[in-house]
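See below for the structure under consideration.
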Amino acid sequence: MKIETMVFNVFGENTFIVWDEATLEALIIDPGCSLPEEETELKEFIEGKNLKLKYIINTHCHIDHIFGNAYVKGNFNAEFLAPRGDLFLFDLMVEQASEFGVTLKPSPMPDSFITESLQIKLGENEIKFISTPGHTPDGYCVYVENEKICFTGDTLFNEGIGRTDLWGGNFSDLMTSIKIKLFLLPDDVVIYPGHGETSTIGHEKNNNPFLG
């Protein structure tokens, strides 16, 4: 599998395009494009690689991770997956945006809801979902076991953790999600967080100052 990282919007959010090299089937995780030039960059990349976008995935539904939902859905009509328990944040989109002085296009509703029992595929690669509430009430991480990669949204960063002082955040839930769910993954799993640089599960176990 191949991964392209695009850093979008005023929050420096990581948007990930993931695809299977053999079939060119692709998904996009947390489309954060908020400006016309960012939308163009994303579209030109997908079309330039001849990717077949199958899925749009929101790990959680804070505004910096959903800015591009409407644009990507409208241009590629891929299946849109999001956590049901975070949908209340769609209702707060305008309020969220005004607090940060930004504008956004209202997100469409998901075609399907993410659960831990849901599995999707790109080519022969199985994509799994790990429930990791805390940053939001119903956040998820996206795990590709055979590739040893995990997209951790705003749950776990390179030597950092997600905020819990925003809408629906819960510090205790976040700590449990990381220690009981993510830290059970193999140490060599590479994490791709919603902001900042990549890391590994092993590095975070040993070096993350928030996790002892």
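The values are calculated or read from the model by the stated rules, or taken from the named source; none is laboratory data. Computed from a predicted structure; not experimentally measured. FYI the Cβ positions are ideal-geometry reconstructions off the backbone, even for glycines, and counts take in every protein chain you see.
Let me spell it out: the conditions are (1) within 15 Å of the chain's Cα centre (by Cα); (2) modelled with pLDDT of 95 or more, and His62 meets all of them except one. Which number is the exception?
(2)
Here is a list of conditions, (1) farther than 21 Å from Glu79 by Cβ; (2) of a type outside the set (A, V, I, L, M); (3) under 16 Å from the mean Cα position of the chain (by Cα), and Pro110 meets all of them except one; can you say which number that is?
So the condition that Pro110 fails would be (1).
The conditions are (1) at pLDDT 95 or above; (2) closer than 28 Å to Glu21 by Cβ; (3) out of contact with any Ser or Thr (no Cβ under 8 Å at 6 or more places or on another chain), and Gln119 fails exactly one of them. Which is it?
Failing condition for Gln119: (1).
Quick test of your reading of the structure: Ser98 fulfils all but one of (1) at pLDDT 90 or above; (2) in a helix (DSSP H, G or I); (3) of a type in the set (S, T, N, Q). Name the failing condition by number.
Checking Ser98 against (1) at pLDDT 90 or above; (2) in a helix (DSSP H, G or I); (3) of a type in the set (S, T, N, Q), the one that fails is (1).
Pairs needed: first member in the range 103-123, in contact (Cβ under 8 Å) with a residue 12 or more places away in the chain and within 23 Å of Pro137 (Cβ to Cβ); second member anywhere, assigned to a loop (DSSP other than H, G, I, E, B) and hydrophobic (A, V, I, L, M, F, W, C); C-beta distance under 8 Å; at least 6 residues apart or different chains.
Cβ pairs passing all conditions: Leu104/Phe67; Ser107/Cys61; Met109/Leu87; Pro110/Leu87; Ser112/Leu118.
Just to be sure, is Gly168 part of a loop (DSSP other than H, G, I, E, B), buried (at least 19 other Cβ atoms within 10 Å of the Cβ) and modelled with pLDDT of 95 or more?
Spelling it out, it is not the case that Gly168 is part of a loop (DSSP other than H, G, I, E, B), buried (at least 19 other Cβ atoms within 10 Å of the Cβ) and modelled with pLDDT of 95 or more.
Working only within the range 1-24, note down all residues that are crowded, with 16+ Cβ neighbours inside 10 Å and of a type in the set (Val, Ile, Thr).
Selection gives Ile3, Thr15, Ile17, Val18.
Out of everything in the range 31-45 that is in contact with a strand residue (DSSP E or B) (Cβ under 6 Å, 6 or more places away or on another chain) and without any contact (Cβ under 8 Å) to a residue 40 or more places away in the chain, what residue ends up being surrounded by the fewest Cβ atoms within 10 Å (Cβ to Cβ)?
Among those residues, the one meeting the criterion is Glu38.
So if I check each of Glu95, Glu116, which one is more than 19 Å from Leu53 (Cα to Cα), within 16 Å of the chain's Cα centre (by Cα), of a type outside the set (Phe, Trp, Tyr) and loosely packed, with under 15 Cβ neighbours inside 10 Å?
Glu116
Out of the residues in the range 171-207 that are in contact with a Ser or Thr (Cβ under 8 Å, 6 or more places away or on another chain) and of a type in the set (Val, Ile, Thr), which is surrounded by the fewest Cβ atoms within 10 Å (Cβ to Cβ)?
Val190
Tally up the residues in the range 59-83 that are out of contact with any Phe, Trp or Tyr (no Cβ under 8 Å at 6 or more places or on another chain) and assigned to a loop (DSSP other than H, G, I, E, B), please.
1
Which pairs turn up if I take residues in the range 1-30 that are in contact (Cβ under 8 Å) with a residue 40 or more places away in the chain and assigned to a loop (DSSP other than H, G, I, E, B) and look for partners that are β-branched (Val, Ile, Thr) and surrounded by fewer than 18 Cβ atoms within 10 Å (Cβ to Cβ) with beta carbon separation below 9 Å, at least 6 apart in sequence or on another chain?
Pairs found: Asn9/Val102; Val10/Val102; Phe11/Val102.
Restricting the search to the range 119-142, which residues are among the aliphatic types (A, V, I, L, M) and within 14 Å of the chain's Cα centre (by Cα)?
Ile127, Ile130, Val142
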